[in-house]
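What follows is a set of notes on a single structure, which appears directly below.
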Amino acid sequence: MRSLYLLISFFLVAVAGVARAAPSNEQLVYLVTWPHQLIVFDSVSEKIVDNVDLKSDITPNLVLSADKKQLYALTNGQSREIVTVDLATRKVIGSFSLNEGNRNVRVSAMVPDPTGRYLYGLANIVSKQLDRYEVEPPKFVVIDLMAQKITRMVDFPKDEGFLDTRAQIKLSANGKNLYVFRDEILVFETAGFTLVKKIDLAQPPVSDMQNLTFSTVADPNEQAGEMTGLFTSSDPYVHRRVFGIARINLEQISFEFTPVGPETYTMTGLFQTPDRKLGYSVVTTNPAIGNLRYEFWAFDMRTGRIVNRREFEGRNRLSQFAISADGTKLFVSGAGYQLEVYDAHTLELRGVVEMPGDLAGNLVVMPLAATSSAISSAPGHSAAFSFSTQ
């Protein structure tokens, strides 16, 4: 009887552990609302399932760790903190300030390394003196999460001109190279931040094309070692501007460019479905304030053709656009308390989700593979048991 009781007890503990783990049909999205609440949103049920108080300043920037098990929140305000959230327990497991004495470290772009120990970023540093503020040249910074401080600072090369510290950056799979995207691709080795390669996008391998610029955002369905985004360029004769889709191979530093059509006023980053057959962007036309016109555009990623488009009611400050992990839903947000959910196939509005505060930063969409991994590694979860009842 005692053996039977132990067997039943172990079984109940196992079931309870599975119940505590995230169900397999969840597709989680993380976002921050004012002033510092991390919201956990399930895109399948289209409901908020949890929230975490970051206990910090306003947090405009969320970064997912390389192993997809932690979130790093970069706060704004005077503290300039890095807050680490464990996604399995949904708890803050660490925080520290980047500031040093009278130096305010303003990190904008940030990317994690594969080991999970370091964050690489671009920063502006402002020093407060008795009678003035001094702005130092833009820098590369290396943040040691174990030591909880910036361990290296290197000035951005003066010969490369102005650097917007909000530029898109990416780290190679082995962590040895840092890519900085602007009107060209700059490749720096992370050991000393020496420029090792430069791709001048003003001279792409496309006939009669010049003045190529790059625009992209993080995509949960991006293929490893690649970046896919939207480019604009113009021909050298009548200077007619066109836009297109480009795929960049980060390891070989090569890219393919597919022209699509005449340039529009502005476009968001490109998000792809898991099979990478379709891509979505939001296009803004008519720049007159108060009379903006928004459209969803869906692209066939193989041919570059626009296969679907639909106008929708947007807001003057539409700042975030993303796709669900399974590619069936589109998310639109901006200044305000609402997250709008659209059907990716019909491009029609499915519903509006009310948030507990003003949306303050970017959206992080967990890839499908990361969700499955989180389930198997969640506390209390076990797939098999082996024990004796003797």
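Bear in mind that the values in this text are calculations on the coordinates, not laboratory data. All of these numbers come straight from a predicted model, not from anything done at the bench. A quick note on method: Cβ atoms are made from the backbone with ideal geometry, for glycine too, and the neighbour counts reach across all protein chains shown.
Which net charge results when you count Lys and Arg as +1 and Asp and Glu as -1 among the other residues whose beta-carbon is under 10 Å from that of Tyr337? Within the 10 Å Cβ shell, the charges total -2. Peptides 63-75, 40-52 ordered by packing proxy, namely the average of other Cβ atoms within 10 Å per residue, highest first: 63-75, 40-52.
Rounded to whole numbers, the Karplus 3J(HN,Hα) couplings from phi for segment 104-110 are 9, 9, 9, 7, 10, 6, 8 Hz, using 6.51 cos²θ - 1.76 cosθ + 1.60 with θ = phi - 60°, and x at Gly and Pro. Shape class for segment 71-163: oblate, because the ratio a/c of the largest to smallest gyration tensor axis (alpha-carbon atoms, square roots of eigenvalues) is 1.5 or more and b/c is at least a/b.
Going by neighbour counts of Cβ atoms within 10 Å, the residues Thr228, Thr273 line up, fewest first, as Thr273, Thr228. Phi angles of segment 262-276 translate, via the Karplus equation with coefficients 6.51, -1.76, 1.60 and θ = phi - 60°, into HN-Hα couplings of x, 5, 9, 5, 7, 9, 7, x, 9, 10, 10, 6, x, 7, 6 Hz per residue; Gly and Pro are given as x.
Taking a Cβ cut-off of under 15 Å around Glu348, the surrounding Lys, Arg, Asp and Glu residues balance to a net charge of -2, with basic ones at +1 and acidic ones at -1.
The lysines whose alpha-carbon is closer than 24 Å to the alpha-carbon of Lys139, local same-chain residues fewer than 8 away aside, are Lys128, Lys149, Lys158, Lys170, Lys176, Lys197, Lys198.
The H on the amide N of Glu263, modeled in the peptide plane, is under 5 Å from the matching H of Arg241, Val242, Phe243, each at least 5 residues off or on a different chain.
Entry note: segment 36-118 has Rg to Rh equal to 0.99, where both radii use alpha-carbon atoms and Rh is the Kirkwood radius. Around Ile248, under 15 Å between beta carbons, what's the net of Lys plus Arg minus Asp minus Glu among the other residues? Result for the neighbourhood of Ile248: -2.
Put simply, the C-alpha atoms of segment 125-201 give a gyration tensor, and the ellipsoid matching it has half-axes of 24, 18, 10 Å, longest first.
3J(HN,Hα) along segment 238-252: 9, 6, 7, 8, 10, 10, x, 10, 10, 10, 10, 8, 5, 6, 8 Hz, from the Karplus curve 6.51 cos²θ - 1.76 cosθ + 1.60 with θ = phi - 60°, whole Hz, x for Gly and Pro. Ordered by the count of other Cβ atoms within 10 Å of each Cβ, fewest first, His36, His345 give His345, His36. Here Lys69 is the anchor, and the lysines within straight C-alpha reach of less than 17 Å, apart from those fewer than 8 places off in the same chain, are Lys91. At an R0 of 25 angstrom, the distance between the Cβ atoms of Val126 and Asp358 translates into a FRET efficiency of 0.45.
For Leu270, the residues 5 or more places off, or on other chains, whose built amide H falls under 5 Å of its own are Val217, Leu230.
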